[in-house]
Amino acid sequence: MVDHYPYRVEGGAGNVTLAWRPGEGDALDEFVVDDGRLLMFPDRESLRAHAARNAWTVVWEGEAALDRDAVRRWVEHPESASVVPGSLLDAWHFVEDLARSVAGGPLRTSRGPVIDSAWEKIYGAEPWTEEETAAVRELLREGLDLWDRTASGSGGQDSGLVGRM
């Protein structure tokens with residue numbers, strides 16, 4: 001049985017918790033969907049109740065979180081918004097997992113030599129070139145746009161809740 005992990009998405013009109021699970025074997029990491037819809041929970045207790053009904057094991061230690069407002073500020077104004085490289089890496093992982101999980105992916109900018117070069121450099125904490133910075137900004141912008149469509153395009157309220165709970 002696959003463990004599930006809470007993933008908090010903060011900012012915008014409200015905060016939600018997603019259920020994330022690592023891929024087994026060659027499978028890739030993903031967020032949990034049901035009938036093609038991303039499952040979103042208004043709080044940890046709602047996720048806990050859903051997990052109990054579905055016999056999931058949820059690992060609560062080390063809950064991941066994404067501050068999408070901070071990421072959006074950097075995407076829109078990288079010269080004036082400071083974001084630590086680890087936060088950008090977390091955001092990068094988030095948008096790739098999101099794109100694999102919901103309709104609308106894969107992201108256009110997720111592959112290519114410039115983005116691959118930026119990916120290698122982020123682990124070594126090397127600075128990006130202007131071209132690499134622009135490519136990462138476009139990747140994250142595309143991922144944030146996918147999030148916005150996912151969170152509001154399936155009949156959710158301002159809180160962005162689109163999943164069944």
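Somewhere in segment 116-124, is a residue within 17 Å of residue 86 (Cα to Cα), at pLDDT below 75 and not acidic (Asp, Glu)? Yes; the residues of segment 116-124 include at least one that is within 17 Å of residue 86 (Cα to Cα), at pLDDT below 75 and not acidic (Asp, Glu).
For segment 100-125, the tally of residues that are in a loop (DSSP other than H, G, I, E, B), out of contact with any Asp or Glu (no Cβ under 6 Å at 6 or more places or on another chain) and open to solvent by less than 100 Å² (accessible area, probe 1.4 Å) stands at 4.
When residue 80 is tested against the conditions (1) free of Cβ contacts under 8 Å to residues at least 40 places away in the same chain; (2) in a loop (DSSP other than H, G, I, E, B); (3) surrounded by 17 or more Cβ atoms within 10 Å (Cβ to Cβ), the lone failure is (3). Any chance you could count how many residues in segment 6-36 are surrounded by fewer than 18 Cβ atoms within 10 Å (Cβ to Cβ) and either under 17 Å from residue 100 (Cα atoms) or touching a Cys at 6+ places or on another chain (Cβ under 9 Å) (or both)? Residues in segment 6-36 being surrounded by fewer than 18 Cβ atoms within 10 Å (Cβ to Cβ) and either under 17 Å from residue 100 (Cα atoms) or touching a Cys at 6+ places or on another chain (Cβ under 9 Å) (or both): 12 in total. Across segment 44-75, the qualifying residues are those that are among the charged types (D, E, K, R) and touching a residue at least 12 places away in the same chain (Cβ under 8 Å), and the one among them that is least open to solvent (accessible area, probe 1.4 Å) is 68. Is there any pair with a first residue in segment 11-30 that is closer than 16 Å to residue 43 by Cβ and of a type outside the set (A, V, I, L, M, F, W, C) and a second that is modelled with pLDDT of 90 or more and in a loop (DSSP other than H, G, I, E, B) whose Cβ atoms are under 7 Å apart and which are 6 or more apart or on different chains, and what are they? Short answer, once both residue conditions are applied: 17/43.
The values are calculated or read from the model by the stated rules, or taken from the named source; none is laboratory data. Keep in mind that this is a model prediction, so the values were computed, not measured. A quick note on method: Cβ atoms are made from the backbone with ideal geometry, for glycine too, and the neighbour counts reach across all protein chains shown. Side chains included, ligands, DNA and RNA excluded: accessible areas come from the protein's heavy atoms. Shrake-Rupley method; radii C 1.70, N 1.55, O 1.52, S 1.80 Å.
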